[in-house]
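Have a look at the structure below, then the notes.
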Amino acid sequence: MATEPIIHIENLHKHFGLTPALKGIDLDIYSGEVVVIIGPSGSGKSTLLRCINRLEEYDSGGIIVDNIPLTTAENINAIRTEVGMVFQSFNLFPHLTVLENVMIAQKVVRKRSKAEAMTIAQNLLEKVGIPEKAYDFPGQLSGGQQQRVAIARALAMNPKIMLFDEPTSALDPEMIQEVLDVMLQLASEGMTMVVVSHEMGFARAAADRAVLMDEGVIVEEAVPDVLFSAPKQARTQAFLSKIL
């Protein structure tokens, strides 16, 4: 494992009005590592994730991604080309086909030719298991299929890091596994991933570390087997007793 973290978060604070969302978060994530962030609703998990690619402004502290501090607009744009993000909602363009959804940012941001973007898109749809849906529109797809398109779209930018914000929480139960299978494959290929999720099975199977957040702080972090079977903090024990 690299000695320098690919994501370095130091003393991060964020308020929404008078309400503190993050209260001095310190977290390092290393290249090739899969870190799953768990915790109750409103604990700051998604806010932390959104700060990593500056979708959310933070108030104080610092974030360095791939040796680039998130300070200037130029740096933030540079980071966003290296960091893919998959949300709860799929955010696909409904008027574009699946193939066009995966191609569009490649052409606009990466300046790839139509032919190159199409080849990459077709290969990625194969990778996420839905090559036959290339010419369908998002409205013709199940939720699980739409989320797999969203993952393919993010991967098309050749990110060094993938952020997942509760990617299965909007899905019907039988569709969750098909999305998790794609994420497991990415993890096995060495993609650096930060995942906010309630899927403890995925955390056990794929995560190098599990991090429990509550009320804007990191309560505990450990390898999943340790965190889930022998948590040290009473708050972690109380949270896990409700979900495991």
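The values are calculated or read from the model by the stated rules, or taken from the named source; none is laboratory data. Bear in mind the structure is a predicted one, so any value in this text is a computation, not a measurement. Neighbour counts are summed over all protein chains in view; Cβ atoms, including those assigned to glycine, are modelled from backbone coordinates with ideal geometry. Side chains included, ligands, DNA and RNA excluded: accessible areas come from the protein's heavy atoms. Shrake-Rupley method; radii C 1.70, N 1.55, O 1.52, S 1.80 Å.
Only bridges with both residues in the range 132-244 count here: give the DSSP antiparallel percent, nearest 5.
Taking every DSSP beta bridge within the range 132-244, about 50 percent pair in antiparallel fashion.
The residues of the chain expose, per residue, 45 Å² of accessible area to a 1.4 Å probe. Under 5 Å from the amide H of residue 85 lie the amide H atoms of 163, each residue being 5 or more positions distant or on a separate chain, with H modelled from the backbone and absent for Pro and chain starts. Taking only the Cα atoms of the range 203-244, the radius of gyration and Dmax are 9.6, 27 Å. Loop-located GluC sites (Glu not before Pro) in the range 51-155 (DSSP state not H, G, I, E or B) with no more than 10 neighbouring Cβ atoms inside 10 Å: 57. Relative contact order, whole percent, for the range 144-229 stands at 25, derived from Cα pairs under 8 Å and 6 or more residues apart. For a straight C-alpha distance cut-off of 25 angstrom, the lysines reachable from residue 133 (same-chain residues fewer than eight places away being disregarded) are 107, 111, 114. Once you reduce the range 37-95 and the range 164-213 to the center of their Cα atoms, the two points are 17 Å from each other.
With all protein chains present, how much of the accessible area of the chain (probe radius 1.4 Å) comes from carbon and sulfur, to the nearest whole percent? Write out the running numbers ahead of the final one.
Numbers: 5650 of 10950 Å².
On the chain, the fraction of accessible area on carbon and sulfur atoms equals 52 percent.
Residues considered: 203, 73, 121. Largest GNM mean-square fluctuation over the chain, using C-alpha springs under 10 Å, is found at 73.
Solvent-accessible surface of protein heavy atoms, probed at 1.4 angstrom with all chains present, puts 58, 135 in the order 135, 58, largest first. Label-to-label distance, residue 82 versus residue 57, with points set 7 angstrom from Cα along the beta-carbon direction: 2.4 nm. Extents of the range 20-105, largest first, come to 43, 33, 27 Å (Cα atoms, principal axes, whole angstrom). The modelled label-to-label distance between residue 230 and residue 170, using points 7 Å beyond Cα along the C-beta direction, is 4.1 nm.
Model label sites at residue 89 and residue 74, defined 7 Å from Cα along the beta-carbon direction, differ in position by 3.4 nm. Taking Cβ atoms as reference points and 14 Å as the exclusive limit, the residues near residue 32 contribute a net charge of -4, counting Lys and Arg as +1 and Asp and Glu as -1. Across the options 49, 134, 72, the greatest Cα extent toward the positive end of the charge dipole of the range 9-156 (unit charges at beta carbon of Lys, Arg, Asp, Glu) belongs to 134.
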